[in-house]
Structures are given as structure tokens and as C-alpha cells.
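Step one of this worksheet: look at the structure below.
The values are calculated or read from the model by the stated rules, or taken from the named source; none is laboratory data. Bear in mind that the values here come from a model prediction, so they are computed numbers and not experimental data. Note that each Cβ is placed from the backbone with ideal geometry, even for glycine, and that neighbours are counted across all protein chains shown.
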């Protein structure tokens with residue numbers, strides 16, 4: 001039997017929708033941050049001043065697979081963690097020339113943190 005495509009159903013007068021259609025809560029301090037020239041990072045923002053931010057528990061997102069954009073990555077995480085290149089988490093990092101800050105969902109946070117450490 002094929003997959004049913006259901007937008008909503010009503011049972012005993014109550015409306016139910018697929019869980020995938022419910023927007024996930026984002027966490028404003030754990031974000032994907034894109035800089036002008038240093039790349040993309042994910043972690044907790046502890047302070048911010050204009051285009052500069054101090055972050056903790058931060059990973060550089062060198063290469064990701066299974067998300068078409070940083071927006072999708074921040075909401076859904078990655079679908080192919082074994083192909084991603086995320087180096088080790090750093091305790092503290094200061095970023096400059098920030099051009100984009102995207103809050104993450106818990107699903108994305110778990111996914112990013114679950115990617116194996118990439119190193120040479």
C-alpha cells in the first residue's frame with residue numbers, strides 16, 4: 001500500500017494534522033551563523049555586538065549533506081551525517097563579519113551535534 005498524503009483528519013470532532021506540518025520551536029541562542037569569509041558555524045551565541053558574536057560549544061560546518069540550504073539545515077538538521085564534514089566542537093569562538101544568524105530547532109541541534117567529528 002502506498003503512502004497516504006493527509007493534510008488533516010477529524011476524529012470525534014477533533015482536528016489532527018501530521019506532526020511534520022507543525023512548526024518546530026527554535027532556540028534563539030543555538031544558531032547556524034554564516035560569516036562573510038570565515039564560513040558557517042553552529043553553536044550557542046552568548047553575546048552579540050553588530051556583526052560580531054561570541055559563541056560557545058561551536059562547530060564549523062565545513063560541508064553538509066542532506067539539507068538544501070542553511071535554512072533547511074537549521075530546521076531539520078542533516079539527512080546524511082556520515083557525509084558531513086564538521087570538525088570538533090570548540091569551547092569558545094569569536095566570529096566577525098556575520099551576515100546571517102538562523103535559530104535552530106531541537107531536531108537540528110541534535111542532528112548537528114550527532115555528526116561524527118571530521119579530522120585528518
Number of the condition not met by residue 24 [criteria: (1) surrounded by 12 or more Cβ atoms within 10 Å (Cβ to Cβ); (2) modelled with pLDDT of 95 or more; (3) part of a loop (DSSP other than H, G, I, E, B); (4) touching a strand residue (DSSP E or B) at 6+ places or on another chain (Cβ under 7 Å)]: (2)
Close pairs from the stretch 85-110: first in contact (Cβ under 8 Å) with a residue 40 or more places away in the chain and on the phi > 0 side of the Ramachandran plot, partner surrounded by 14 or more Cβ atoms within 10 Å (Cβ to Cβ) and not in a loop (DSSP other than H, G, I, E, B), Cβ under 7 Å, at least 6 apart: 97/35
Failed criterion for residue 48 (all others in (1) over 27 Å from residue 120 (Cα atoms); (2) part of a strand (DSSP E or B); (3) at pLDDT 95 or above hold): (3)
So residue 31, is it crowded, with 18+ Cβ neighbours inside 10 Å, at pLDDT 95 or above and either over 30 Å from residue 7 (Cα atoms) or out of contact with any helix residue (DSSP H, G or I) (no Cβ under 6 Å at 6 or more places or on another chain) (or both): yes
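Let's see how each residue does on (1) assigned to a loop (DSSP other than H, G, I, E, B); (2) under 14 Å from residue 41 (Cα atoms); (3) in contact with a helix residue (DSSP H, G or I) (Cβ under 8 Å, 6 or more places away or on another chain):
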| residue | (1), (2), (3) |
| --- | --- |
| 57 | no, yes, no |
| 67 | yes, no, yes |
| 74 | no, yes, yes |
| 88 | yes, yes, no |
| 100 | no, yes, yes |
| 103 | no, yes, yes |
| 108 | no, yes, yes |
